[in-house]
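What follows is one structure encoded as structure tokens, with my remarks underneath.
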Amino acid sequence: MILEKDTDFYMEKVEVLLDEQGQKSGWYKQIVAKVDNINGNNNLYPKQVYQDALEELKKQGFPYAGEHPHPTPYRGADGKIYFTTSIPHSAVKFRDAYIDEQNNVWAEYKPLDTEMGKQVKTFLDNGLPIGFSNRMRGSSKREKRNGKTVQIAKKLKLYTWDVVLNPAEKSALQLPIVLDEIEEETMNFFDMSLQELENWKEQNKEAQEAEI
């Protein structure tokens, strides 16, 4: 699974979607991820692995809102990992997504009528780019590619894409942010006690606050 430091950030100019009368529909489309590509954090999401996770998310009807900042993970009483989602942090809802021939993952979304959603819409109305990153968990394997150690996803659970405005480094499509995937071979949140998870969150507090 992918470590917090290996998260991916995608920032693109937004494409406004029009209705049948050529008026703004309130929906937008942009790149939110990329597959079959070794990104700046040496992660690679095979197209079929990501496609399987995307198809499952589409079957569910995109039930999770994109938030800002990323919700943090926690372990429930049933032993499973969940995220501390928040209505005030909810910013956008999604209705469709697909992978194009260039391996870009495109998603259609609409800002919510929440305080955070209004802030996102203000950016869009003023022609300012916003970014997205995957909220997911899964498993991966390490392989050597072109002299580099690459984390290759084996299975993914995709929840949504969260809005990110403060990447840690300036790069076109791949910028590290706060946790959205968990690296199984290095840190397994499933095996952590609640206290261990709280300790991890405290140790990574600075990285979480940098995103806000």
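The values are calculated or read from the model by the stated rules, or taken from the named source; none is laboratory data. Since the structure is predicted, the reported quantities are computational estimates derived from the model, not experimental observations. Glycine also receives a Cβ, built like all others from the backbone with ideal geometry; neighbour counts cover every protein chain displayed. In case anyone asks, the SASA skips ligands and DNA or RNA and just uses the protein heavy atoms, side chains included. Shrake-Rupley method; radii C 1.70, N 1.55, O 1.52, S 1.80 Å.
Summed over region 145-156, residues that are surrounded by 15 or more Cβ atoms within 10 Å (Cβ to Cβ) and out of contact with any Asp or Glu (no Cβ under 8 Å at 6 or more places or on another chain) total 1. With the condition kept exactly as written, say whether any residue in region 62-76 is farther than 22 Å from Val120 by Cα, of a type in the set (A, V, I, L, M, F, W, C) and at pLDDT 90 or above. No, region 62-76 contains no residue that is farther than 22 Å from Val120 by Cα, of a type in the set (A, V, I, L, M, F, W, C) and at pLDDT 90 or above.
Which residue pairs have Cβ atoms closer than 7 Å, lie 6 or more positions apart in sequence or on different chains, and pair a first residue in region 70-81 that is touching a residue at least 12 places away in the same chain (Cβ under 8 Å) with a second residue that is among the acidic types (Asp, Glu) and part of a loop (DSSP other than H, G, I, E, B)? Within 7 Å, the pairs are His70/Asp180. Scanning region 46-85 for residues that are in contact with a Lys or Arg (Cβ under 8 Å, 6 or more places away or on another chain), part of a strand (DSSP E or B) and more than 17 Å from Gly117 (Cα to Cα) returns Pro73, Ile81, Tyr82, Phe83. For region 102-131, filtering for residues that are open to solvent by 70 Å² or more (accessible area, probe 1.4 Å), in a loop (DSSP other than H, G, I, E, B) and under 15 Å from Gly26 (Cβ atoms) leaves 1. crowded, with 21+ Cβ neighbours inside 10 Å and either part of a strand (DSSP E or B) or among the basic types (Lys, Arg) (or both), is that true of Arg142? It is false that Arg142 is crowded, with 21+ Cβ neighbours inside 10 Å and either part of a strand (DSSP E or B) or among the basic types (Lys, Arg) (or both). Restrict the check to region 32-43 and report whether at least one residue is over 16 Å from the mean Cα position of the chain (by Cα) and part of a helix (DSSP H, G or I). Scanning region 32-43 turns up no residue that is over 16 Å from the mean Cα position of the chain (by Cα) and part of a helix (DSSP H, G or I). Here Lys141 fulfils each of the conditions (1) modelled with pLDDT of 95 or more; (2) out of contact with any His (no Cβ under 9 Å at 6 or more places or on another chain); (3) of a type outside the set (A, V, I, L, M) apart from (1).
In region 41-67, the residues that are over 13 Å from Lys157 (Cα atoms) form Cβ pairs under 8 Å with partners that are assigned to a loop (DSSP other than H, G, I, E, B) and open to solvent by 50 Å² or more (accessible area, probe 1.4 Å), at six or more places apart or across chains, as follows: Leu44/Asp36; Leu44/Ile38; Pro46/Asp36; Lys47/Asp36; Ala65/Thr85; Glu67/Thr85; Glu67/His89. Residue check: is Asp96 at positive phi, open to solvent by 30 Å² or more (accessible area, probe 1.4 Å) and among the acidic types (Asp, Glu)? Against the criterion (at positive phi, open to solvent by 30 Å² or more (accessible area, probe 1.4 Å) and among the acidic types (Asp, Glu)), Asp96 does not qualify.
Got at least one residue in region 192-207 being of a type in the set (Ser, Thr, Tyr), surrounded by fewer than 18 Cβ atoms within 10 Å (Cβ to Cβ), at pLDDT below 80 and closer than 22 Å to Lys80 by Cβ? Scanning region 192-207, I find at least one residue that is of a type in the set (Ser, Thr, Tyr), surrounded by fewer than 18 Cβ atoms within 10 Å (Cβ to Cβ), at pLDDT below 80 and closer than 22 Å to Lys80 by Cβ, so the answer is yes.
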